[in-house]
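Let me begin by presenting the structure, written as structure tokens, before commenting on it.
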Amino acid sequence: MKDIMGLIYTGENDARLRELTQVRAVAALPVAGRYRVIDFPVSSMVNTGIRNVAVITQKNYHSLMDHLGSGKEWDLHGKNNRLSILPPFLTRENVGVYTGLVDALQSNANFLRRCRQEYVILTTSHFIINTDFRAMMRFHVEKYADITLLYTDDPAMRRVTQGSESSFCTTDANGRIVGLEIDPITPTREHTIIEACLLKRELLLHLVDQAAANGQHEFMRGVLQPLINDSILHVYGYEHKGRAWRIESVQDYFRFNMDLLDSRVRGELFSRGYPVYTKLRDDMPTRYVGEAAVSNSLVADGCVIEGTVVNSVVFRGVRVAKGAVVRNSVVMQDAEVEADAELDCCILDKQAVVRGKGRLIGPPAYPIVIAKGVVI
């Protein structure tokens, strides 16, 4: 695994996440009380022995850079371990804004050429999984594959909504991908692709140069689909057997956090052998004051709970005042719900405030979103 580098692209389309990505990339979205989306792919790579990880950023990447820092929390700050952050830059050849993954890889081709690892695991950051890439690597070698794509058969991942960017594939008895469809209205292929692929670094550079020369911008549509349709290379599919989530919309984000209220789901995602690392914040333990009542909720440290919290995810430093009720909601870091206020099916971004006696009640299928720092 020391001969594999990890490459994470964080420039996904974030229009359907609305207020949640006004000031941050999808990769920097806070989830599960104390984590960010980027923690999951980085932790999966580190847990399986990868020691060189690079993150290609696109826009709104300041909070992402602040979170990742030097890579200390992931043990990627030593002499032989490193975490590289690659923001967009403007040159005569590079326009500074990536139309797709091919553009991002082309702009960072010199970085890839300088790396010493033979293989690359290339992922996007809007999928949340906790996986073992060693098994994927063994499969890749055993099959003499040129490219191996990760896929899942999780039924929840087959939901296709307007504006989503989903890909599906069919494999033969040997595991080779024989059909690929991208952004279908109704999927006909049986496997849902998780955007993570394994291939040799030199092959990746060759494919990117070829695609860029032909005016292609999207890696899945412009590079992989022709290779599969024309059987040019041996492209195989490897199944991720655990749970998987795609974070492309407010509904996806809300559903993921609510899923974690199930202890079985948490036990599967945060498995003992594969911990998920994140940036530390030293806080006092949460204080439950007076008549505070909390049930079936995730409550991080540093909170002060004086009211009622039910079926909710509460991040660090949140204050729920006396008489306030928070139900079926996600309340991010340092937000405040004042006395006698009521929330139901809401997402409060960081440092948002709901004034006393305010009531915000949304439908479960379309939760109310309060942007960062907004006072209601």
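Laboratory data are not the source of any read-out in this text; all were calculated from the coordinates shown. Just so we're clear, the structure is a prediction, and the values are computed from it rather than from any experiment. FYI the Cβ positions are ideal-geometry reconstructions off the backbone, even for glycines, and counts take in every protein chain you see.
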Q) In terms of the ratio Rg/(2.2 N^0.38 Å) built on C-alpha atoms, what value belongs to region 323-370? A) 0.99
Q: For THR171, enumerate residues with amide H under 5 Å from its amide H, sequence gap 5+ or separate chain, H modeled in the peptide plane.
A: VAL178
Q) For PRO367, what is the net charge nearby, where nearby means another residue's Cβ is under 10 Å from its Cβ and Lys, Arg count +1, Asp, Glu -1? A) 0
Q. What fraction of the DSSP beta bridges in the chain is antiparallel, stated in percent and rounded to the nearest 5?
A. 30 percent
Q) Could you give the alpha-carbon Rg of region 28-91 over 2.2 N^0.38 Å, rounded to two decimals? A) 1.13
(Q) So for the chain, averaging the separation of alpha carbon pairs under 8 Å that are six or more residues apart and normalising by length, what relative contact order in percent results? (A) 16 percent
Q | Percent of alpha-carbon pairs separated by more than 26 Å within region 108-258 | A | 25 percent
Q: Would you mind computing Rg(Cα) / (2.2 N^0.38 Å) for region 287-370, counting N as its residues?
A: 0.92
Q: Would you please give the residues with an amide H less than 5 Å from that of VAL299, counting only those at least 5 places away or on a separate chain, with H modeled from the backbone geometry?
A: VAL314
Q: Mind putting a number on the dipole of the chain about its Cα centre? Charges go on the C-beta only, +1 for Lys and Arg and -1 for Asp and Glu, and I need it in Debye to the nearest 20.
A: 760 debye
Q: Would you calculate the volume per residue, in Å³, of the smallest convex hull containing every Cα atom of region 1-121?
A: 112 Å³
Q: Report the net charge of residues surrounding GLY323, where surrounding means a beta-carbon distance below 10 angstrom and charges are Lys +1, Arg +1, Asp -1, Glu -1.
A: -3
**Q.** Built amide H within the under 5 Å cut-off of ALA196, gap 5+
**A.** LEU150
Q) Mind listing the phi-derived Karplus ³J(HN,Hα) values for region 169-180, rounded to whole Hz, using 6.51, -1.76 and 1.60 with θ = phi - 60°, and x for any glycine or proline? A) 9, 10, 10, 8, 5, 8, x, 6, 6, 10, x, 9
**Q.** Net charge over other residues, Cβ less than 13 angstrom from the Cβ of LEU298 (K, R count +1; D, E count -1)
**A.** 0
Q. Volume per residue, Å³, of the convex hull around the alpha-carbon atoms of the chain?
A. 133 Å³
